[in-house]
Amino acid sequence: MNFFEEAVSVHLQWKQRLRAIVDGREEPFDAASAASDCACELGRWIYGEGAMHQNKPAYQELLQAHAGFHQAAADLMVKVQAGDHAGALKSLNGGDFQSASSRTVVAIGNLRHELEILLNRHPD
């Protein structure tokens, strides 16, 4: 599995984890931790090695989508901690978190595609 496939897989696992939290099967975590878009592996890549691609539109798209994903996860955690089960479920299933998650997965694919095109045009 390459880096981008792994990034998609890990971010899709967030929904499973958040679902378990909303359902009470796992303990909630700090919303501020969820909001950090530089703490996960993809975030470390975006702000680290991946920053060399910052002039590419697909990188900027991923940067924004990924930050939105983490903000939506944090907002969902706030709902959970406030006892707003219905709001958390709505965010998770077709609401803000679901939209942010979908945008992030699309953005990962778009950057992967853009970089693959560049590598095929300019082989090392």
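The values are calculated or read from the model by the stated rules, or taken from the named source; none is laboratory data. None of the values given here were measured: they were computed from a predicted structure. Cβ sites come from the backbone with ideal geometry, for glycine too, and all protein chains shown count toward neighbours.
Going through E6, E26 one at a time, which residue ends up being acidic (D, E) and part of a helix (DSSP H, G or I)?
The match here is E6.
Between residues in the range 107-121 that are within 20 Å of A65 (Cβ to Cβ) and residues that are modelled with pLDDT of 90 or more and among the basic types (K, R), which pairs lie under 7 Å by C-beta distance while being six or more apart or on different chains?
Close Cβ pairs satisfying both conditions: E114/K56.
Among the acidic types (D, E), closer than 19 Å to S99 by Cα, surrounded by 12 or more Cβ atoms within 10 Å (Cβ to Cβ) and modelled with pLDDT of 90 or more: which single residue out of E26, E61 fits that description?
Values: E26 fails: closer than 19 Å to S99 by Cα.
The match here is E61.
Of the conditions (1) touching a residue at least 40 places away in the same chain (Cβ under 8 Å); (2) exposed (fewer than 13 other Cβ atoms within 10 Å of the Cβ); (3) farther than 30 Å from E116 by Cβ, L12 clears all except one; give me its number.
All conditions pass for L12, except number (3).
Could you check the range 53-124 for helices (runs of 4 or more DSSP H) lying wholly inside it with 2 or more residues that are over 17 Å from the mean Cα position of the chain (by Cα) and under 20 Å from E41 (Cα atoms)? Reasoning before the result, please.
Working: elements: 57-81, 85-92, 96-121.
Output list reads 96-121.
How many residues are buried (at least 23 other Cβ atoms within 10 Å of the Cβ) and among the hydrophobic types (A, V, I, L, M, F, W, C) if we restrict to the range 66-76?
4
Please work out if E5 is free of Cβ contacts under 8 Å to residues at least 12 places away in the same chain, surrounded by 12 or more Cβ atoms within 10 Å (Cβ to Cβ) and not aromatic (F, W, Y).
yes
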